[in-house]
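Just so you know, all these numbers are worked out from the coordinates, no wet-lab data involved. Remember, it's a predicted structure, so these values are computed and weren't measured experimentally. Glycine also receives a Cβ, built like all others from the backbone with ideal geometry; neighbour counts cover every protein chain displayed.
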Amino acid sequence: MSFHYPLVLVVAALATGGAIAAYVALQRRRSAALRSAGFGTLVGGGLRRHLPYALLLAALPILLVGLARPQAQVAVPRVSGTVLLAFDISNSMAATDVTPTRLAAAQAAATQFVEAQPDSVDVGVLVFGDTALLTQAPTDDHAAAAAAIGRVRPSGGTSLGQAILVGLGTITGKPVSLPENGAAPDTSTLGYWPSATIVIFSDGENTGGPDVEAAAELAAAAGVRIQTVGVGTARGVPVEVDGYQLNTALDESTLTAVAQVTGGSYHAAGDSDTLNDTTKSIDLRLTTKKEPLELTAPFAGAALLLLALGGLLGSRWHGRIV
């Protein structure tokens, strides 16, 4: 507990000590006067005699401590941290098995997701095809994040692994890569980022790039959770790429595996309406933040209660308000 005006505590101690000393001296003088007048049998203590005064004396330091404006640090739960929205912009995201297209539906759902986030959540946007690119650094300016989502266009292949690595680099503030020789990556320099989440919107059809599972394990080592949103249908539809018809379908198994490695979850979305509902169920990190809570009111309330009780007992027991 801390106090906004700590010097008032000194005043409270001196005033309380002085009041108690004055009361004791008063009672001694009263007892001496009664003895000298021959009323020695009336001298003595007793609950009825001292309790009202004790309540009034107890109210004094409590009231003065309240004037010092005490504060306590309270852990307040809240959704906070960083959310990085990663959009698959491969050619397959132009498929129309989700209306109007997979990518357009993902953009609409992600925009609603951003608009629903509190100011305590920083939102960033990255896009990934054969490579990955950060198009909006994490910011509490959610309008800027929504604008970045609106600029996303489909092209190229799909590298889920590259998306995860670029997302990790954005969160940690340093380049992140996997060793080319297949050796175990060094996770000691990543730090730990439990308040960061990567949300991947994709149909899951990975066409190359860094190993997806190894990249997800790096994210897990850094405490970053990955939530995946499957955009498309298992049946799929053909898309035209450079004059060729290519069939493309939702790969839920890859997206589920990526999420599970990091302790996240996979969210299925078969159509645009379901996709909008899916984003509402994305689980963000619930963290706590120490915030000061002023306790003046509870102290003042307790002091007023003691004053009222002391006055009531004094009036009933002694026929007057003490």
Legend entry - Structure-based [θ]222 nm, the chain - -39500 (n - 2.57) summed over DSSP H runs of at least 4, per residue, nearest 500: -14000 deg cm²/dmol
Inset, instruction - Mind pulling the angle between the C-alpha long axis of helix 160-172 and the longest principal axis of the chain? Nearest 10 degrees, somewhere in 0 to 90. - result: 30 degrees
Inset, instruction - Within 10 Å, count the other beta carbons around each residue, average over each peptide in 12-18, 26-32, and list them highest first. - result: 12-18, 26-32
Inset, instruction - With semi-axes √(5λ) of the Cα gyration tensor in Å defined as stated, name the option among [x] 72, 20, 15; [y] 34, 23, 16; [z] 27, 26, 19 computed from the structure displayed. - result: [x]
Inset, instruction - Calculate how steeply helix 47-67 sits against the longest principal axis of the alpha-carbon atoms of the chain, using the helix alpha-carbon long axis, and give the answer as 0 to 90 degrees to the nearest 10. - result: 40 degrees
Legend entry - Sequence-distant residues sharing a close amide H with VAL199 (under 5 Å, placed H): LEU84, LEU85, ALA86, GLN227
Legend entry - Radius of gyration and Dmax over the Cα atoms of the range 194-287, both given in Å: 14.5, 50
Inset, instruction - Would you give the gap between the C-alpha center of the range 219-240 and the C-alpha center of the range 248-264, rounded to a whole Å? - result: 6 Å
Legend entry - Charge sum, other residues only, whose C-beta stays under 12 Å from ALA249's C-beta, Lys/Arg counted +1 and Asp/Glu -1: -3
Legend entry - Other-chain or far-sequence residues with amide H under 5 Å of ALA269's (modelled H): GLY230, GLY232
